[in-house]
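The values are calculated or read from the model by the stated rules, or taken from the named source; none is laboratory data. On a predicted model such as this, the values are computed, not experimentally measured, just so you know. Positions of Cβ are backbone-derived with ideal geometry, glycine not excepted, and every protein chain shown enters the neighbour counts. In case anyone asks, the SASA skips ligands and DNA or RNA and just uses the protein heavy atoms, side chains included. Shrake-Rupley method; radii C 1.70, N 1.55, O 1.52, S 1.80 Å.
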Amino acid sequence: MRTKLLYAVAAFSFTITFYAQEVPVLEKDLPAEARTFLKDHFKSGFHHAIKEVANRKVTYDVVLNDNTEIEFTEAGRWKDVDGKCKAIPYTFLQPQILDYVKQTYPGQPITGIELEDSEYEVTLGNGMDLKFNARGVFVKVD
């Protein structure tokens, strides 16, 4: 009986460690690089943020007053910016990406950008997704 109880407690503890832990954080508790990024590039104020710990990896999910969502790494570098179908600021985008979009898709706003595995995925206002390499060179329509 005692062994079964011990196994049950161990299994429960093991299971809990694999689930993501989410904790609300204040703006002042974000990494300095994330706070600077928000201040330099976004006019909409801070609404709330969640610190998520999953598989020993920390991310911060920030929501602004205009519903823009930004995901940051533990160090405070942006990973994903989602304008929720409205244009995001262009001030932090690589000039090559911005120039390509302006020339190839004039009038289409950039509504999101994600950095993953040294590739950028840019979402346009028409829902089209464009892939760029780490240097900002167009790769393909996704």
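Observations
- Mean Cβ count within 10 Å, highest first, over the residues of peptides 118-125, 93-100: 118-125, 93-100
- Spin-label model distance (nm) - residue 128 vs residue 23, 7 Å beyond Cα toward Cβ: 4.4
- Of all accessible heavy-atom area on the chain, the percent that carbon and sulfur account for (1.4 Å): 54
- Sorting 59, 104, 73 by accessible area puts them as 104, 73, 59; the probe is 1.4 Å, largest comes first, and only protein heavy atoms count.
- Residue separation of residue 65 and residue 36 scaled by 0.36 nm, minus their Cα-Cα distance, works out to 8.7 nm of gained length.
- Taking a Cβ cut-off of under 12 Å around residue 82, the surrounding Lys, Arg, Asp and Glu residues balance to a net charge of -4, with basic ones at +1 and acidic ones at -1.
- Counted residue by residue at 0.36 nm each, then reduced by the alpha carbon distance between them, the extension gain from residue 44 to residue 104 reaches 18.7 nm.
- Loop-located trypsin sites (Lys or Arg not before Pro) in region 36-106, at most 15 other Cβ atoms within 10 Å (DSSP): 43, 56, 77, 84, 86
- Three-way shape call for region 71-140 based on the alpha-carbon gyration tensor, with the a/c threshold at 1.5: oblate
- Residues in the chain average 65 Å² of solvent-accessible surface per residue, probe 1.4 Å, ligands and nucleic acids excluded.
- 0 to 90° range, to nearest 10: angle between helix 2-18 axis and the chain longest Cα axis: 10
- Between the labelled values (1) 11.9; (2) 10.9; (3) 8.4, the entry that holds mean projected area of the Cα convex hull in nm² as derived from this structure is (2).
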